[in-house]
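So the structure is just underneath, and the comments pick up after that.
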2 protein chains.
Amino acid sequence: MLRTTTCGALRGTDAGKTVTLCGWVDSARDHSGVFFVNLRDRYGITQTVFYSDGSAELFSQVKTLRNEDVIRITGTVLARPEGLINPKMPTGEIEVKAESLEILNRSEVLPFLPSAPELPSDEIRLKNRFLDLRRPEMQRVLRLRHKMTKVMRDYFDELDFLEVETPILGKSTPEGARDYLVPSRIAQGSFYALPQSPQLYKQLLMIAGYDRYMQIARCFRDEDLRADRQPEFTQLDIEMSFIEMEDILEIMSGLVQRLMKDVLGRDLPLPIPRMSWDEAMERFGHDAPDLRFGMELKDVTDIAKEVDFRVFRAVADTAGGRVRGINVKNAADRFSRKDIDSLTAWTAEQFGAKGIVWFKADAEGNLTGSSAKNFTAEQLQKIAQRLQAGPNDLLLFSCGDFLLTCRVLNGLRRKLAAQLKLIDPKEMNFCWVVNFPMFEFSEEENRWVAMHHPFTCPKTEDLQFLESDPGRVRAQAYDLVLNGFEVGGGTIRIHDSATQNRIFSLLGMTREQAREQFGFLLDALAFGAPPHGGLAFGLDRLVMLFAGADNIRDCIAFPKTAKAADLMTGAPGQVDPRQLEELAIKTVLPPKED
Amino acid sequence: MLRTTTCGALRGTDAGKTVTLCGWVDSARDHSGVFFVNLRDRYGITQTVFYSDGSAELFSQVKTLRNEDVIRITGTVLARPEGLINPKMPTGEIEVKAESLEILNRSEVLPFLPSAPELPSDEIRLKNRFLDLRRPEMQRVLRLRHKMTKVMRDYFDELDFLEVETPILGKSTPEGARDYLVPSRIAQGSFYALPQSPQLYKQLLMIAGYDRYMQIARCFRDEDLRADRQPEFTQLDIEMSFIEMEDILEIMSGLVQRLMKDVLGRDLPLPIPRMSWDEAMERFGHDAPDLRFGMELKDVTDIAKEVDFRVFRAVADTAGGRVRGINVKNAADRFSRKDIDSLTAWTAEQFGAKGIVWFKADAEGNLTGSSAKNFTAEQLQKIAQRLQAGPNDLLLFSCGDFLLTCRVLNGLRRKLAAQLKLIDPKEMNFCWVVNFPMFEFSEEENRWVAMHHPFTCPKTEDLQFLESDPGRVRAQAYDLVLNGFEVGGGTIRIHDSATQNRIFSLLGMTREQAREQFGFLLDALAFGAPPHGGLAFGLDRLVMLFAGADNIRDCIAFPKTAKAADLMTGAPGQVDPRQLEELAIKTVLPPKED
């Protein structure tokens, strides 16, 4: 090794030792006759010191140092005198008196300094990712990511899971998101697809008797990207045989507990709370409820049916119409009419809400507001009671069909909690949401689509409604929610080909289409498939939440932009026409506009 | 869980317990009144027994069982009487007297039985991979693969390496093998490439200060496949900063020792032997020498210069011409003239050899053979001495340029060792080969090409020959060889942009091309790159050698054929024309022949 120790290792007890350190110049300061160089590597920072009364050559050499030069220093460890100890640095008890200096590599003037507190633009950071990754915060997150995957692998190894690698070059299937395609050179005109998940392979591994499978797997979706999505992402992928939902929840809860302990040093009491999809939607308006604060949704449809107020009454009288509200505690005086108008505009824009009805509770707890005149005192009191209104509370109501009121009130709830700082940023709040609907009706495609995926097993007692009332069928499905984010989920799978065929048919596939797309799965199910199920966690998001990071991009070493580009390498890029010729493909670009 | 224990767990001490087992019917035998069902899962096989004097319903149910049905049995563990203990089965001390039986899933008649000793064709195996993977041998290999990667991750984690995931959607580069391309939908006309290795990303991580990186990484090469190649393969990928070759060799040797101990339970004494590329080529004719047997190459060019025998003399007198031979000990009587003729034909076909010269040593050690008459007794004796010929030895000689004699004699050496069973199949023989040439001249491209890759650092003392005599420059490169297979290798990298530019230029790239392709690397090298180097092991091959398997395909859960097809899923396959339209590409197939 070029060094005897790292820049994070030396302590007071090392005083007197001769050491060699390598690293980057984090700072270099000339204190008339004494030159201090802070040397940085992944492990920490060590202060080194050069004296002008030592070697003149050495001193003139050190004066040429610039930030981010890579150097090697040999010297003696000196204990710092009492008053000069820096308790903020792990190496703050010592400094190294330099006796020789080797410049391993000079750095040109940098586009930005990794040690600077202010960040440059996202574009500059991504273009110079090798510099951005030098920032201590990026190193902290990637170290935490390593630790999390290590804990995951250890945990599942102890439980006899096998990590099995599944293919990246797979087959395109029409269900689900858009595939990335890879043209085949050998079978010209044919294409591989990059996997959206190892779903079918892991089911085949169960059918092959592997019993317990895990993989930290790369997955791909060619979708228009939102802020927290990447074209390639990583998931912790799990599958087990001869189990039921309870077993998966227990094993995954144990993992979460272990991660909390080993990665964050925090205790997580088990069991993790659990609620049904119905309850989550009723109480929080969302299937990944943020339980770090209250402000639960309350239904007042029954009251709305009795009032003269047209906005409430018309909705309440419609089949499926709902009137629901939230109570923003002790916030009435913080929201002017104008503030509420802008909230209303926001819900209209985001969710298509037609409006918000609001009340403020006065010092006695009586509801006031522009709509209040349309209600009797008794009606107002009922509403106040239902929402447990107290002095200075702000009540906000949404009217419409169930899902609209869910979207509007979930949106308001989260927005207001952030705005009013109701959330402890250190809290890690987990819950399981179970019993999802099996299908949702897609207006766009005018058919039922699988809410999780078409391999999900319906609840046994709901199988009878499969053809007659698909909307009523619940799935053996479960999601883990952390701080209002879905970190992952899974299902018990169908393990017989007859049920699988019923589902395919309900999703609008003909027998022939099902065979064409999933023949190998149907075959496999016929040759002795065990009951099985599994789950996947989105690793990038889980790392983000454990790291307390702001976005997923900061949790990935080499991420892509919202346009799926790598600004550093320039991918995707042009290729040699001969490459396309070998693949028997041609690009057909629309004519450029002037 | 649907079971209380697995099929591999019960022992004599469990007698009397009530247990529930799940698994596959491995065999079902009716012994008039007693029905034995061997139940199999990943963990083992347990014998269960049904008596006709028990429940009639149960007995009639068990009679319907077929191989590979998935069932669940509850019963009582019985100790087998002394004489009926089966010492070959870990569960052979017990059987389970069944009290209830649930058929979880029936199996249709199978294309082949996983428990059958004879294997079906490769095609049937691959098409029904979910059945092939049920075979105990496949399960053993995939379990060993899991264990090996677990040991690797544990080892490097203990040494403070961070596992960092690098992108799969990258940029195409013209150096190296053919890339798999992925058309971009958002940037139409542009393409991603799947990585041939994480080479540049891991170098960038070093430049970013990550110090010690590891990854078990998926890599891709679109090449015409040989028997032991797959279009996607996995490598253990390593990179370190502030190190020299010795450090890498030491750390990787430690890993190999740990793998031998933890996976195979065998001690590997360190250090692993080491030889230079020159020595390997001189002594074995190959840069991945198989050291499990002797038969080393001996040079007789000096003797050949003095003989009248035209075949030797003409080559010996040519610049660069070499005459070299091997001694096949005690084998003269096992090779007829015809056998030697067919060896000769084989070397002609495989390596373009013009012929083989052979001698046999008689009982006194004197050389005989059709060419012997062209030599004096003294010359024959010199040759015999040089090759340490003893009674009944067979000597085979190849003449030509250095690399031809290497290829021919390495080929013969390996072929004859296998044929004569000179190799102990249990032996695990490791060696390091170091000091590779930096470049080889490509006749095809009429230019120098990098033997490893263009980021390799030449040996400091050879840098002076870079432009004047590239063939003389040796690289700071090293390969690990196991049983005559290269299991991996690496290099110390160039860490300054000036040297990197010299290498690019020597490889025929203009400044502009270098910037276009590798601008981000050249930038990164200018901003404080530390000295660094690394290595990669081919995981699939390493698993094959540790498992004692015959081919790489058996070490991958879902492999592809030599035509890069997945016979089970049918990948690559046809896609919807709308998918291509969105990607702005079109297939241009050559017209079909009739």
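The values are calculated or read from the model by the stated rules, or taken from the named source; none is laboratory data. Note that this is a predicted model, so its numbers are computed, not measured. Positions of Cβ are generated from backbone atoms using ideal geometry, with glycine treated the same way; all protein chains shown enter the neighbour counts. The area values use the complete protein model at the heavy-atom level, side chains included, leaving out ligands, DNA and RNA. Shrake-Rupley method; radii C 1.70, N 1.55, O 1.52, S 1.80 Å.
Residue by residue through segment A:56-87, note down the ones that are of a type outside the set (S, T, N, Q), closer than 21 Å to A:Met1 by Cα and in a strand (DSSP E or B).
Those that are of a type outside the set (S, T, N, Q), closer than 21 Å to A:Met1 by Cα and in a strand (DSSP E or B): A:Val70, A:Ile71, A:Arg72, A:Ile73, A:Gly75, A:Val77.
I'm trying to understand the selection: among the residues of segment A:479-496, which are more than 9 Å from chain B (Cβ to nearest Cβ) and not β-branched (Val, Ile, Thr)?
Of everything in segment A:479-496, those that are more than 9 Å from chain B (Cβ to nearest Cβ) and not β-branched (Val, Ile, Thr) turn out to be A:Asp479, A:Leu480, A:Leu482, A:Asn483, A:Gly484, A:Phe485, A:Glu486, A:Gly488, A:Gly489, A:Gly490, A:Arg493.
Mind telling me which of the residues A:Tyr155, A:Tyr210 ends up being surrounded by fewer than 22 Cβ atoms within 10 Å (Cβ to Cβ) and either more than 30 Å from B:Ala529 (Cβ to Cβ) or more than 25 Å from the chain's Cα centre (by Cα) (or both)?
A:Tyr155
Among the residues of segment A:70-115, how many are closer than 25 Å to A:Gln139 by Cα, acidic (Asp, Glu), touching a Ser or Thr at 6+ places or on another chain (Cβ under 7 Å) and surrounded by fewer than 20 Cβ atoms within 10 Å (Cβ to Cβ)?
Qualifying residue count for the region: 0.
Could you please give the count of residues in segment A:88-115 that are among the β-branched types (Val, Ile, Thr) and not in a loop (DSSP other than H, G, I, E, B)?
Qualifying residue count, segment A:88-115: 3.
Only one residue in B:Ala331, B:Ala363, B:Ala280 is in contact (Cβ under 8 Å) with a residue 60 or more places away in the chain and in contact with a Pro (Cβ under 8 Å, 6 or more places away or on another chain), so which one is that?
B:Ala280
Can you confirm whether B:Asn366 is polar (S, T, N, Q), within 17 Å of B:Ile303 (Cβ to Cβ) and in the same structural domain as B:Ile303 (by TED's automatic domain parsing)?
It is true that B:Asn366 is polar (S, T, N, Q), within 17 Å of B:Ile303 (Cβ to Cβ) and in the same structural domain as B:Ile303 (by TED's automatic domain parsing).
Pairs please, first residue from segment A:490-508 and under 17 Å from A:Leu204 (Cα atoms) and modelled with pLDDT of 90 or more, second anywhere and surrounded by fewer than 24 Cβ atoms within 10 Å (Cβ to Cβ) and among the hydroxyl-bearing types (Ser, Thr, Tyr), Cβ atoms under 6 Å, 6+ apart in sequence or on different chains.
A:Thr491/A:Thr456
Need pairs with beta-carbon distance below 8 Å; first residue in contact (Cβ under 8 Å) with a residue 60 or more places away in the chain and within segment B:516-527, second among the acidic types (Asp, Glu) and open to solvent by 10 Å² or more (accessible area, probe 1.4 Å); sequence gap 6+ or separate chains.
Within 8 Å, the pairs are B:Gln517/B:Glu175; B:Leu525/B:Asp496; B:Phe527/A:Glu108.
Give A:Glu118, A:Glu137, A:Glu123 a once-over and let me know the one that is more than 8 Å from every other protein chain (Cβ to nearest Cβ), surrounded by fewer than 21 Cβ atoms within 10 Å (Cβ to Cβ) and part of a loop (DSSP other than H, G, I, E, B).
Unique residue meeting the criteria: A:Glu118.
For segment A:86-104, give me the residue count where each residue is free of Cβ contacts under 8 Å to residues at least 60 places away in the same chain, within 45 Å of the chain's Cα centre (by Cα) and farther than 21 Å from B:Ile243 by Cα.
Result for segment A:86-104: 6.
Residues are listed down the side, and each one gets a yes or a no for (1) over 20 Å from the mean Cα position of the chain (by Cα); (2) facing chain A (nearest Cβ under 10 Å); (3) open to solvent by 50 Å² or more (accessible area, probe 1.4 Å); (4) within 27 Å of A:Thr587 (Cβ to Cβ):
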| site | (1), (2), (3), (4) |
| --- | --- |
| B:Asp523 | yes, yes, yes, no |
| B:Ala526 | yes, yes, no, no |
| B:Leu542 | no, no, no, no |
| B:Gly573 | yes, yes, no, yes |
| B:Val588 | yes, yes, yes, yes |
| B:Lys592 | yes, no, yes, yes |
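Conditions: (1) in contact with a helix residue (DSSP H, G or I) (Cβ under 6 Å, 6 or more places away or on another chain); (2) in contact (Cβ under 8 Å) with a residue 40 or more places away in the chain. B:Lys150 meets all but one. Number of the miss?
So B:Lys150 meets the others, but not (2).
When you go through A:Ile251, A:Ile238, A:Ile216 one by one, which is the residue that is within 22 Å of the chain's Cα centre (by Cα), open to solvent by 10 Å² or more (accessible area, probe 1.4 Å) and under 12 Å from A:Phe161 (Cα atoms)?
A:Ile251
Which residue out of B:Leu169, B:Leu225 is of a type in the set (A, V, I, L, M) and open to solvent by less than 10 Å² (accessible area, probe 1.4 Å)?
None of the other options fit; the residue is B:Leu169.
Just checking, which of B:Thr456, B:Thr460 is within 25 Å of B:Arg212 (Cβ to Cβ) and over 24 Å from the mean Cα position of the chain (by Cα)?
B:Thr460
It is to be established whether one or more residues within segment B:242-251 are within 13 Å of chain A (Cβ to nearest Cβ), assigned to a strand (DSSP E or B) and either touching a His at 6+ places or on another chain (Cβ under 7 Å) or aromatic (Phe, Trp, Tyr) (or both).
Checked against the condition, which is being within 13 Å of chain A (Cβ to nearest Cβ), assigned to a strand (DSSP E or B) and either touching a His at 6+ places or on another chain (Cβ under 7 Å) or aromatic (Phe, Trp, Tyr) (or both), segment B:242-251 yields no hits at all.
Filter segment A:175-189 down to the residues that are more than 7 Å from chain B (Cβ to nearest Cβ) and open to solvent by 40 Å² or more (accessible area, probe 1.4 Å), then identify the one that is farthest from A:Ala547 (Cα to Cα).
A:Glu175
Please work out if B:Gln139 is under 28 Å from B:Asp566 (Cα atoms), in contact (Cβ under 8 Å) with a residue 12 or more places away in the chain and touching a His at 6+ places or on another chain (Cβ under 9 Å).
Judged against the criteria, B:Gln139 is not a match.
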